[in-house]
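Student: Let me give you the structure first, and then I'll get to my questions.
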Amino acid sequence: MGFISVDHPTPALKQLPTAVAFACALLLILVVPGIEVTDDFTAVLGIALMVVATVLAALFTRMPKYEHLVLLVPVIDMLAVGAFRAGTGAALSLFSAILILPVVWIAAERGRKHILIAIAGTSIALYAPYFFGLVPEVEISGIVRGIFTPLIFGLAAAIVNELSRQSQVQLEAIRRLADDKEVILQRTVEFANQLQESEAQIRSGDRLFRNVWAAVTEQSVIGTDVTGLIDAWNPGAVQLLKLDGSEVENKRYVFDFHVPAELNDRSRELNYPPGETVLNPGFSALVESARLGQAESREWTYVLDDGTTIPVLLSVTKRVDDDGETSGYLFVATDVTQSREVARLKDEFVGLISHELRTPLSSILGYLELLRDDEDNPLSVEQKQYLGVAERNAHRLLRLVGDLLFTAQVESGKFPLDAHDTELDRIVSAAVESARPIAASAGITIIQELPDTTPVVHGDAIRLGQACDNLISNAVKFTPRGGTVTVSLSAENEHAVIRVRDTGIGIAASELDQLSSRFFRATTATRNAVPGVGLGLTITKAIVTAHHGDLGVESEEGVGTCFSVTIPLVAQTSAVR
Amino acid sequence: MTTETARRVVVADDDADIRALVAISAARAGYDVVASVEDGDRAWGAIQEFHPDLAILDVAMPGLTGLDVCRLARADATLVSLRILLLSAAVDEAARAAGREAGASDYLPKPFSPRALVAWLKQESGVDA
């Protein structure tokens, strides 16, 4: 029943009562003797107008865009009833009453002007017989009827109009209320959804936290309140300290698991006089940095109930409540027993290499020298040559041992740097001079380019010299006979830059970033059977890095390679050479 | 060179070949090697026994180290004129500083050149002579 809406009646529905009443009138004329057409023309005109009005009502129903013209329908209805009344006995016609139907329609429209339209329409309809000249004499009763009836109809129209207005106002109020209710309902639903979402988020966060808490088994995580009373104890703490959460939570204090002497030492360092200004100096020392909001990792010793001690790296952070006040502390500890042992073994190994390999080499080199210096039994030229080979190789071995020792020191972070303000031009010159004999015998020219001023860096002259030596001897090693090695020093953007450029065999682009890995050798090096073990650049890189510098490389296979060392300048003397 | 003027030296190193190399160099420099021992305890015994002019000590030895012997000697008032040369395979500045702190007169890193050792010894006896 979609097309009949009582809430919004269509023009066709509004027309229906009038059309039906009109049809009944026609039926009465046909059926009831004595009720008859008195004037054919006006009767037929009335019927025709009624048909037009009904057709229009149907059209307006179909085409809502013309709805603003819909009042034409009741107006034409009134004209139709007026004409039909005139044609069925005029003032004596039975059908004057039909007029009330279009009047009600018009009066029900919003706005008081419709009352006037209804009155005017009624008057025109009632005076219709006079217009059509059907009443030969103007009768007083006719005129009165033409005024009185429209007045009554106008009254009825005013009542209908007012009732309709009131009901419309009420309807609108109800609609508004319904709309408001809907909005509120929608908001409630949205809020419920949000609530559900937040709850899911909180639950997932909580689950994540629980999972992480349980997954941390290699770190002991202990939570305490501000006095150090333990309130959280993760599986890592169970594993490390061999106690269950139930044995410690709200029962024991975190400093029960520390060596008292260590806490005392630290509190003395921080100037906490025991028992005076601070209630528990040991605990205060433990959380000092965390309390100040600084993350701190420090080595401490945990002590188990059975007296076993465990060295740990401990990070202490504070816990804060919703107001940002410190509510306690978190102690995250990593057992460093194993890493300490590894470090000790490494140091031992480095010491072993240093001692056990250098001692026999000391003997070899020392005795070879004795042989050479024996004035009582001088060596032949040939013997001296053989001795030279043995010495050269012993020195080579010694250098290798030194390099290994050095890389081991770099790895363990125990790389001693004896740093002073150092003039780089002297270091570069010395490195170039020491490389000249080997370069000359290999048929390679070394060109040195120094700046007019002396770049000064803060560094270890011996190590920087070693870095230059490595780069220059590499360049010479990888350059074919007749080639050139250019060593330049310059000051650029508050940095000293040493460049060692050769016309050698070059390095494949794909291998450039592996150059400073330990024992790495470029394909071009192995293919050309250039001797070496692949430690030189590792060492050079370590030295340069320790000087807060950069080691750069550009290379093209078959064209050459350029290594550049960039180190921050301390100052640049303005003295012109 | 007579025995009256020859300066006396105690040599200690756990490596027999190095010990011999040092002894040969000392002899070449005109020193009289009164004892050549393989550990720190024996070295300290020999120093107390012979009151030599010079002790050449390896740092890393079983028992007392060269540094230990150095400290013992420096604490002994009867050994004020004893010169001590430490030999060590450790080459860094920290090892050198440790030697100085223990009271060594000088420090020679291994591997050393016998030629350089002879020169040092000759200079040492010249200074004191």
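Student: Is one or more of the residues making up segment B:102-124 more than 20 Å from B:LEU21 (Cβ to Cβ), within 13 Å of chain A (Cβ to nearest Cβ) and not in a helix (DSSP H, G or I)?
Tutor: no
Student: Specify which of the listed residues (A:TYR302, A:TYR253) is of a type in the set (Phe, Trp, Tyr), in contact (Cβ under 8 Å) with a residue 60 or more places away in the chain and in contact with a Phe, Trp or Tyr (Cβ under 9 Å, 6 or more places away or on another chain).
Tutor: A:TYR302
Student: Might you check whether a residue that is surrounded by 17 or more Cβ atoms within 10 Å (Cβ to Cβ), assigned to a strand (DSSP E or B) and modelled with pLDDT of 90 or more occurs anywhere in segment A:503-524?
Tutor: No: zero hits.
Student: Limited to segment A:541-564, what total is found for residues that are modelled with pLDDT under 90 and hydroxyl-bearing (Ser, Thr, Tyr)?
Tutor: Of the residues in segment A:541-564, 2 are modelled with pLDDT under 90 and hydroxyl-bearing (Ser, Thr, Tyr).
Student: Report yes if some residue within segment B:53-60 is more than 12 Å from chain A (Cβ to nearest Cβ), under 23 Å from B:ASP32 (Cα atoms) and free of Cβ contacts under 8 Å to residues at least 12 places away in the same chain; otherwise report no.
Tutor: The answer is no, given that none of the residues of segment B:53-60 is more than 12 Å from chain A (Cβ to nearest Cβ), under 23 Å from B:ASP32 (Cα atoms) and free of Cβ contacts under 8 Å to residues at least 12 places away in the same chain.
Student: Would you be able to say whether some residue in segment A:481-491 is on the phi > 0 side of the Ramachandran plot, in a loop (DSSP other than H, G, I, E, B) and either out of contact with any Cys (no Cβ under 6 Å at 6 or more places or on another chain) or surrounded by fewer than 22 Cβ atoms within 10 Å (Cβ to Cβ) (or both)? Show your work before the answer.
Tutor: Filtering segment A:481-491 for residues on the phi > 0 side of the Ramachandran plot gives A:482.
Of the ones still in play, those that are also in a loop (DSSP other than H, G, I, E, B) are A:482.
Restricting the remaining residues to those that are either out of contact with any Cys (no Cβ under 6 Å at 6 or more places or on another chain) or surrounded by fewer than 22 Cβ atoms within 10 Å (Cβ to Cβ) (or both) gives A:482.
Yes: one or more hits.
Student: Can I ask one more? Collect the residues in segment A:358-381 that are closer than 24 Å to A:VAL401 by Cα and facing chain B (nearest Cβ under 7 Å), keeping them in residue-number order.
Tutor: A:ARG358, A:THR359, A:LEU361, A:SER362, A:SER363, A:LEU365, A:GLY366, A:TYR367, A:GLU369, A:LEU370
Student: Quick check on my filter: what residues within segment A:283-309 are surrounded by 13 or more Cβ atoms within 10 Å (Cβ to Cβ) and of a type in the set (A, V, I, L, M, F, W, C)?
Tutor: A:PHE283, A:ALA285, A:LEU286, A:VAL287, A:ALA290, A:TRP300, A:VAL303, A:LEU304
Student: Under the condition of being free of Cβ contacts under 8 Å to residues at least 40 places away in the same chain and out of contact with any helix residue (DSSP H, G or I) (no Cβ under 8 Å at 6 or more places or on another chain), which residue from segment A:238-247 is farthest from A:LEU263 (Cα to Cα)? Working first, answer last.
Tutor: Going through segment A:238-247, the residues free of Cβ contacts under 8 Å to residues at least 40 places away in the same chain turn out to be A:238-239, A:244-247.
Then drop every residue that is not out of contact with any helix residue (DSSP H, G or I) (no Cβ under 8 Å at 6 or more places or on another chain), which leaves A:239, A:246-247.
On the way: A:GLN239: 23, A:SER246: 26, A:GLU247: 23 Å.
In this case the residue turns out to be A:SER246.
Student: Out of all the residues in segment B:91-106, is one or more closer than 23 Å to A:LEU370 by Cα, of a type outside the set (Lys, Arg) and within 15 Å of the chain's Cα centre (by Cα)?
Tutor: Yes, segment B:91-106 contains a residue that is closer than 23 Å to A:LEU370 by Cα, of a type outside the set (Lys, Arg) and within 15 Å of the chain's Cα centre (by Cα).
Student: Select, from A:GLU137, A:GLU162, A:GLU197, the only residue that is loosely packed, with under 12 Cβ neighbours inside 10 Å and at pLDDT 85 or above.
Tutor: After applying the criteria, what remains is A:GLU197.
Student: Sticking with this one: Listed residues A:LEU400, A:LEU417; which is within 11 Å of another protein chain (Cβ to nearest Cβ) and aliphatic (A, V, I, L, M)?
Tutor: A:LEU417
Student: Name the residues in segment A:217-234 that are assigned to a loop (DSSP other than H, G, I, E, B) and touching a residue at least 60 places away in the same chain (Cβ under 8 Å), would you?
Tutor: Answer for segment A:217-234, where residues must be assigned to a loop (DSSP other than H, G, I, E, B) and touching a residue at least 60 places away in the same chain (Cβ under 8 Å): A:GLU218, A:VAL226, A:GLY228.
Student: Considering only segment A:416-433, state which residues are surrounded by fewer than 15 Cβ atoms within 10 Å (Cβ to Cβ) and part of a helix (DSSP H, G or I).
Tutor: A:ARG426, A:ALA430, A:GLU433, listed by residue number.
Student: Residues that are more than 14 Å from chain A (Cβ to nearest Cβ), in contact (Cβ under 8 Å) with a residue 24 or more places away in the chain and within 19 Å of A:LEU352 (Cα to Cα): does segment B:65-72 have at least one?
Tutor: Within segment B:65-72, one or more residues are more than 14 Å from chain A (Cβ to nearest Cβ), in contact (Cβ under 8 Å) with a residue 24 or more places away in the chain and within 19 Å of A:LEU352 (Cα to Cα).
Student: What is the number of the single condition among (1) closer than 18 Å to A:SER362 by Cβ; (2) assigned to a helix (DSSP H, G or I); (3) within 14 Å of another protein chain (Cβ to nearest Cβ) that B:GLY99 does not meet?
Tutor: B:GLY99 satisfies all of (1) closer than 18 Å to A:SER362 by Cβ; (2) assigned to a helix (DSSP H, G or I); (3) within 14 Å of another protein chain (Cβ to nearest Cβ) except (3).
Student: Here's a follow-up. Select, from A:ALA475, A:ALA496, the only residue that is under 45 Å from the mean Cα position of the chain (by Cα) and at pLDDT 85 or above.
Tutor: Checking each option against the conditions leaves just A:ALA496.
Student: Now for a different question. With respect to A:ALA48, is the statement that it is buried (at least 16 other Cβ atoms within 10 Å of the Cβ) and modelled with pLDDT of 85 or more true?
Tutor: Against the criterion (buried (at least 16 other Cβ atoms within 10 Å of the Cβ) and modelled with pLDDT of 85 or more), A:ALA48 does not qualify.
The values are calculated or read from the model by the stated rules, or taken from the named source; none is laboratory data. The model shown is predicted, which means the values in this text are computed figures rather than measured ones. FYI the Cβ positions are ideal-geometry reconstructions off the backbone, even for glycines, and counts take in every protein chain you see.
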